[in-house]
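The values are calculated or read from the model by the stated rules, or taken from the named source; none is laboratory data. Here the structure is a predicted model, which is why all the values come from computation and not from measurement. Note that we place each Cβ from the backbone using ideal geometry, even for glycine, and neighbour counts take in every protein chain shown. These area figures cover heavy atoms from the full protein model, side chains too; ligands, DNA and RNA do not enter into them. Shrake-Rupley method; radii C 1.70, N 1.55, O 1.52, S 1.80 Å.
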Amino acid sequence: MTVGVLLVTHEGVGGAMAAAAKVVMPSLPLRLGVFEVPWVSRDRDFDARALRLAMRQLDQGEGVLVLADIFGATPFNMAAENDPGCVEIRVSGLNLPMLLRVLNYPEKNLRELAEAARDGGRAGVVLDA
């Protein structure tokens, strides 16, 4: 069993990140899901139920790591409010280096993957002056 990874983002972001990761790593070593929050939601309760379902579907007993695009924005807040019990950690500031770092360590547990996400995200931001 492995940790599931769920990208919880604004519409258009998560799908693009997942597609890029699949180009780099055609055979993903972790279960990767995407939940994109619509820019204009007509039914927030429906979206919340769909998010909980996506989380549950990724959980194989080791938990789900949620990678959100922006701390405090709607996708992050929805993930925090709708945890079905399998999500223990949320990391914000999603970027491609963060996602690739996580996918490169399928043997790590949930806490270790969260730390790898944080470290990969930071290492991927460089100011070339």
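Only protein atoms count toward the accessible area here, which uses a 1.4 Å probe; on the chain, the carbon and sulfur part of that area reaches 51 percent.
Using the alpha-carbon positions of region 1-111, Rg (one decimal) and Dmax (whole number) come out as 12.9, 39 Å. Rolling a 1.4 Å probe across the protein heavy atoms gives the chain an accessible surface of 53 Å² per residue.
Out of the chymotrypsin sites (Phe, Trp or Tyr not before Pro) in region 1-61, which ones are loop residues according to DSSP with at most 12 other C-beta atoms within 10 Å? The qualifying sites are 39.
Computed with a 1.4 Å probe over protein heavy atoms only, the accessible area of residue 87 comes to about 10 Å².
Using a cut-off of 12 Å between beta-carbons, work out the net charge of the residues near residue 118 (Lys and Arg +1, Asp and Glu -1, residue 118 not included). Net of charged neighbours comes to +1. For the chain, averaging the sequence separation of C-alpha pairs within contact (under 8 Å, six or more residues apart) and dividing by the residue count gives a relative contact order of 28 percent. Tell me, what is the Rg over Rh of region 11-74, with Rh the Kirkwood radius over Cα pairs? Looking at region 11-74, the ratio lands at 0.98.
Note on exposure: 9, 2 ranked by accessible area (1.4 Å probe, complete protein assembly) read 2, 9, with the most exposed listed first. Projecting the Cα atoms of 17, 74, 85 onto the charge dipole of region 1-120 (Cβ charges, centred on the Cα centre) puts 17 farthest toward the positive pole.
Between rounded, prolate and oblate, where does region 79-129 land on the alpha carbon gyration tensor, with a ≥ b ≥ c its root eigenvalues, rounded for a/c under 1.5, else prolate if a/b exceeds b/c? Since a/c reaches 1.5 but b/c is at least a/b, the shape of region 79-129 is classed as oblate.
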